[in-house]
Amino acid sequence: MYQLSINGMTQQEFLSNYWQKKPLLIKGGFTNFEDPLSAEELAGLAMEEAIESRLITNHEGNWQAHHGPFEDFSKLTDTHSTLLVQAVDHWHPPAAELLEPFRFIPNWRIDDLMISFSTPQGGVGPHLDQYDVFIIQGQGKRRWRVGLPDTSLKQFTKDKALLQVEQFNAIIDHELESGDILYIPPGCPHEGYAVENALNYSVGFRAPDQKDLISSFADHIIDQETGKLRYGDAELTLRESLGEINLEDKKRVRELLNSLINDEALYSHWLGTFLSQPKHEMDLAPLDDALVADILTDEITPDDVIHRAGGVRAMYQILDDKILLSINGETYQIPSKYLEQVKVLTDETFFSFNEVKPALNCLEFKQTLTTLINDGLYFVEAWS
């Protein structure tokens, strides 16, 4: 297991002083760092149809982005090239362990682990991201420059799939070595180029924008066949101008819309479903012989270990008398008295069956756990 050290700071000190505020170079964030996979293994993942990958080259200032899956790697040249593979935590359990030290950030904010392999001078150019990221240096060395947000910086497209930004003033200019970590908040311009063959691990975080939220909420309202309350104006009076939409009209429409957002049950169910949906394909193995909820305790021993599959998004919300448990886009209702067992499901990546056994006298919890295991979202490893 990787142990994260943040320049002698506590996790709360980091959150208070740096999170979403300013970039930070973390020297020796992981001591004696060992890469969880090789460049050859990364290339193997990039050959898979279900895994998102890109290969970016920048020979003589000519930037090109190629999308996988790849049948060969002739474009991964000895210099000026980068292979990037998204959501490696969904497919490679040892690599997925790199997310664990960053789980002091709430589960719903953590997105995925992207891994890149670059040859000397390889990179993606100066650019902006609209989300937080920790970049871990593995094999090799990479030079990084990071600046502060600057709304005057112009963005442009070097390739139709590669948005870059003009040169910027850097407050961090450093060559990262194995185990060093770079934290970059949203909107901070940055660029990194490999000094030698280099592996980098990017822990990214979700930050949905308003249009994504509104679009998803509207879809949820349609799916739930709700939102059918119509506009009404029983207090309508004569007006001087018939062409005006006046303040009272606007107020009534806003209240009509707000009534949906303010419907706690509707809003909470949508929020859990939306935030728990994975963005990438997953390596799940549903059971051929499905477990039966009524005899779950006969099929799993108390000491057996239950693992959450890589990339599974698990979170919960507390309502008045129940818990909404949301896992990979599905939401389940659990009585509030079983909060401790729900926390085990969502807070831990693995746990003994014995830890959740007290909740198995609850039909909803037992059926939910059985479904999660049968669908491959959680899997059982026999105790030995």
Is there a residue in region 284-296 that is in contact with a strand residue (DSSP E or B) (Cβ under 7 Å, 6 or more places away or on another chain), assigned to a helix (DSSP H, G or I) and not β-branched (Val, Ile, Thr)? no
From the set of residues in region 52-66 that are open to solvent by 30 Å² or more (accessible area, probe 1.4 Å) and within 25 Å of residue 132 (Cβ to Cβ), which is nearest to the chain's Cα centre (by Cα)? 52
Taking interchain pairs and intrachain pairs at least six residues apart, which have beta carbon atoms under 9 angstrom, with the first residue in region 267-278 and open to solvent by 20 Å² or more (accessible area, probe 1.4 Å) and in a helix (DSSP H, G or I) and the second at pLDDT 95 or above and of a type in the set (Asp, Glu)? 273/330; 274/212
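Condition check ((1) of a type in the set (Asp, Glu); (2) touching a strand residue (DSSP E or B) at 6+ places or on another chain (Cβ under 8 Å); (3) free of Cβ contacts under 8 Å to residues at least 40 places away in the same chain) across all residues:
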| position | (1), (2), (3) |
| --- | --- |
| 33 | no, yes, no |
| 46 | no, yes, yes |
| 78 | yes, no, no |
| 106 | no, yes, no |
Scanning region 1-51 residue by residue, those polar (S, T, N, Q) and surrounded by fewer than 15 Cβ atoms within 10 Å (Cβ to Cβ) turn out to be 3, 7, 10, 11, 12, 16, 17, 20, 31, 32, 38
Which one is modelled with the lowest pLDDT, of the residues in region 114-144 that are hydroxyl-bearing (Ser, Thr, Tyr) and in a loop (DSSP other than H, G, I, E, B)? 131
Could you list, in sequence order, the residues of region 212-229 that are touching a residue at least 24 places away in the same chain (Cβ under 8 Å) and open to solvent by 100 Å² or more (accessible area, probe 1.4 Å)? 229
Considering residues that are at pLDDT 95 or above, hydrophobic (A, V, I, L, M, F, W, C) and under 15 Å from residue 356 (Cα atoms), the number found within region 296-314 is 2
Of the residues in region 316-343, how many are assigned to a strand (DSSP E or B) and under 14 Å from residue 368 (Cβ atoms)? 13
Positions within region 145-159 being outside any loop (DSSP other than H, G, I, E, B), open to solvent by less than 80 Å² (accessible area, probe 1.4 Å) and either touching a residue at least 60 places away in the same chain (Cβ under 8 Å) or touching a Pro at 6+ places or on another chain (Cβ under 6 Å) (or both), in sequence order: 146, 159
Taking the residues in region 42-65 that are at pLDDT below 95 and not polar (S, T, N, Q) as candidates, determine which candidate is nearest to residue 89 (Cα to Cα). 65
Residue among 238, 256, 199 that is hydrophobic (A, V, I, L, M, F, W, C), more than 30 Å from residue 133 (Cβ to Cβ) and either open to solvent by less than 40 Å² (accessible area, probe 1.4 Å) or not in a helix (DSSP H, G or I) (or both): 238
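Test residue 374 against the stated conditions and say whether it is of a type outside the set (Lys, Arg), touching a residue at least 24 places away in the same chain (Cβ under 8 Å) and under 30 Å from residue 51 (Cα atoms).
When the stated conditions are applied, residue 374 passes them.
The values are calculated or read from the model by the stated rules, or taken from the named source; none is laboratory data. The structure presented is a predicted model; accordingly, all values stated were derived computationally and were not measured. Counting neighbours? That spans all protein chains shown, and the Cβs are built from the backbone with ideal geometry, glycine included. When the accessible area is computed, the model is the full protein with side chains, heavy atoms only, and any ligands, DNA or RNA have been set aside. Shrake-Rupley method; radii C 1.70, N 1.55, O 1.52, S 1.80 Å.
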